[in-house]
1. Do we have residue 367 as in the same structural domain as residue 432 (by TED's automatic domain parsing) and buried (at least 21 other Cβ atoms within 10 Å of the Cβ) here?
2. Among the listed residues 117, 143, identify the single one that is modelled with pLDDT of 95 or more, within 16 Å of ligand 1 (Cβ to nearest atom), in the same structural domain as residue 211 (by TED's automatic domain parsing) and touching a helix residue (DSSP H, G or I) at 6+ places or on another chain (Cβ under 9 Å).
3. In the list 755, 763, 787, which residue meets the criterion of being in contact with a strand residue (DSSP E or B) (Cβ under 8 Å, 6 or more places away or on another chain), free of Cβ contacts under 8 Å to residues at least 60 places away in the same chain, under 22 Å from residue 871 (Cβ atoms) and assigned by TED's automatic domain parsing to the domain that holds residue 865?
4. Which one of these does residue 730 not meet: (1) touching a strand residue (DSSP E or B) at 6+ places or on another chain (Cβ under 8 Å); (2) at positive phi?
5. Against the definition (over 25 Å from residue 849 (Cβ atoms), away from ligand 2 (no atom under 16 Å from the Cβ) and either more than 39 Å from the chain's Cα centre (by Cα) or touching a residue at least 24 places away in the same chain (Cβ under 8 Å) (or both)), how does residue 616 come out, yes or no?
6. Find all pairs meeting these conditions: Cβ atoms under 8 angstrom apart; at least six residues apart or on different chains; first residue within segment 656-668 and at pLDDT 80 or above; second residue part of a loop (DSSP other than H, G, I, E, B).
7. Of the residues 620, 605, which is assigned by TED's automatic domain parsing to the domain that holds residue 717, surrounded by fewer than 20 Cβ atoms within 10 Å (Cβ to Cβ) and in a helix (DSSP H, G or I)?
8. Looking at the structure I just gave you, is residue 109 within 15 Å of ligand 1 (Cβ to nearest atom), in the same structural domain as residue 206 (by TED's automatic domain parsing), assigned to a loop (DSSP other than H, G, I, E, B) and more than 37 Å from the chain's Cα centre (by Cα)?
Ligand code: ADP
Ligand code: MG
Ligand code: MG
């Protein structure tokens, strides 16, 4: 088996095997871009190692052969005293996991060849700096020495030399530091730093394999839903040096602004530095545009390479590069992460550039991003005290209590507090705290710092590099210019779109995207306006593309009107329960307590006109579009007073000997109706069948409302939906009664109302007998909330808080089945019910009205099984439209 690929052998489509970094290094190599030669050890080799605890037998020899070829090509050998070849050993999985895994630079240096390197480069300082970096990185990541041990020694060396920055240390200082580092390794790792370069290489490769399974990597994968068994590839890349003096340097760049999507030059550059220095925020970088002034030739070449990459990948790319004495080298590229806003803008820009078509543009965004853009932001005129300003790294408005370490962030957020995690800079150990926080604020680091990259990936608000704020994590406080002190627990507000940081709670305003959907905004030329234009275009692409219709779950005219503005094509679920609450409760109580037909009829007759008015308004708001009204669903006792309260009242009254007859009857009824499992009790169609006249009253109200709308010149399209049906007989009974009522109303008003009658499919038995049920139903609407509860046998309200977290942690669920439809179980029933329903009645209309109707993944499933529409809450409608478009694109 082939475990090693030269950079010239791979390509960008081999990410599974070569990891993202390796595949793209190969792609760039084959594009003729300046990539330092090297080779990649496959993820297969890593998998063997992770499974068996040992590298595959063939690996050693294959690495040897590729190493020979590399040495041949470079004209130097690892460890060669006069002119040593150095390489980096770099992790690189299929999906990028920023900063999660290990990389070791300068592998191959040893006591024997450090002077040779110095002589070759004509730079003593550079050679010793490279060597101390190797021992430091190798010691920490391969030999498990605590990183602070080296940091402390470095700080001490600087103090002794009176140096401010690393670059102020001269060759002599660094030589001494190397000796100290050697001692640290010997003491802490219990062995000498390995002098044999091949041993260094092999140990580093193994360490990269091992880094796949560190706790922080596992946590990141769970968060990002990256499978745990992919393994990482390892890239061996010949070193180029950015730390060879002022005409050298290293940087990162984006082909467009990953925050806003704006076209232009974005990135950071650091003179006389090696790789990690930029990301770690150790010294301050300069904006990439400044490189033009430092090294025009390399700058021009970089710009032209970026254009090549964008055209080749047809997307925003991010890049790592190094300049060695005026020569530009490409060290990494990939299709870059971006904010939601940037994703929408870039997709439409690329369409305009002719690089992608509309269908592909839809694949470049997703519903989760759109949902994120619909979050509120801070008001434009903020009156709160501004503490300072940093870099707008990841947008959004976040308010919370200041915490200065991850542990506190997690602890406080568990107890329901909203927190802002404030750090000088973050590192992968802060991941837990970043997840728990509403937002992240750092005082160091740029747009490409760890905090910024990870926050953007998580869709979390982040302001980074707010340098005027002095963060003191030990004393848990932050000091702003002017001496304002923020202590742990004080409320702060951070604006990830502007980089501004405020003391106290800043009020938030709706997002421009929501304003747009509401029809209240027109697009200007600023970022918000450009975003609105892009969203508008993408929604149009989606609407053109999609087959699924999108309806709203709405119970009143106001929600219906909003839903319509958001693009709803009808109401898929109007719940009638709220129409029985409030002032009408008393009437409902009388209905439930009625002993005689007369009493019952009286309360039903009192309810009828009120119900009718509700429907008239609703049908008017949705004129011309279908409105599915579900007849009463919840358990009866929900309409009666609380059993404990009532018992106390009755007991008190009895002790005063002035018992109230009505209360006594109520209490009896409450006892009579009490259920152990109300969810599985007297509700839905069962209720309609045991309380005579209830459903017919509702049907009459619907029919009369429709007739009234028709008389007023409207176009009502009501659909009557029977809940919780388990067998066709139930449906037939209700339907027969309903048809009589409808016939009466039609006759009296002399109209044909075209009322459709259908049912919810929300019990496994209904799904399994859908072929029979379709005999009596003109439409099905899948109630996937109840269907999920009954298929799994757990009640949502009881289990989400109890064992779901454990299930998610154990990986039993990737995601809650109430959030995303469980395709294998619930989905299989839906699929079967669709098939058998349509076999009985080919024009059966199919929809879904559970929460899943607005969930991106689930929408794709509903598209695939051939539903006619999904229905969701008004705010989810744009998301559902977009995802329905993406599913069809
Ligand atoms: P990560 O995945 O954390 O970015 P990388 O493997 O890309 O890790 O390496 C870390 C840093 O070292 C990057 O800045 C990279 O550009 C730099 N680097 C890696 N290999 C080399 C090399 N052969 N020559 C010079 N710099 C390198
Ligand atoms: Mg990198
Ligand atoms: Mg239900």
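1. So residue 367 fails the test.
2. On the way: 143 fails: within 16 Å of ligand 1 (Cβ to nearest atom).
After ruling out the rest, the residue left standing is 117.
3. Working: 763 fails: in contact with a strand residue (DSSP E or B) (Cβ under 8 Å, 6 or more places away or on another chain); 787 fails: free of Cβ contacts under 8 Å to residues at least 60 places away in the same chain.
One residue alone meets the criteria, 755.
4. (2)
5. Details: over 25 Å from residue 849 (Cβ atoms): no; away from ligand 2 (no atom under 16 Å from the Cβ): yes; either more than 39 Å from the chain's Cα centre (by Cα) or touching a residue at least 24 places away in the same chain (Cβ under 8 Å) (or both): yes.
Taking the combined requirement at face value, the residue does not satisfy it.
6. Here the result reads 666/640; 666/641, each pair linking segment 656-668 to a residue that is part of a loop (DSSP other than H, G, I, E, B).
7. Details: 605 fails: assigned by TED's automatic domain parsing to the domain that holds residue 717.
Exactly one of 620, 605 is assigned by TED's automatic domain parsing to the domain that holds residue 717, surrounded by fewer than 20 Cβ atoms within 10 Å (Cβ to Cβ) and in a helix (DSSP H, G or I), namely 620.
8. Values: within 15 Å of ligand 1 (Cβ to nearest atom): yes; in the same structural domain as residue 206 (by TED's automatic domain parsing): yes; assigned to a loop (DSSP other than H, G, I, E, B): yes; more than 37 Å from the chain's Cα centre (by Cα): yes.
For residue 109, the condition - within 15 Å of ligand 1 (Cβ to nearest atom), in the same structural domain as residue 206 (by TED's automatic domain parsing), assigned to a loop (DSSP other than H, G, I, E, B) and more than 37 Å from the chain's Cα centre (by Cα) - is met.
The values are calculated or read from the model by the stated rules, or taken from the named source; none is laboratory data. Since this is a predicted model, take the numbers as computed values, not measurements. Reconstructed Cβ throughout: ideal geometry from the backbone, glycine too, with neighbour counts over all protein chains shown.
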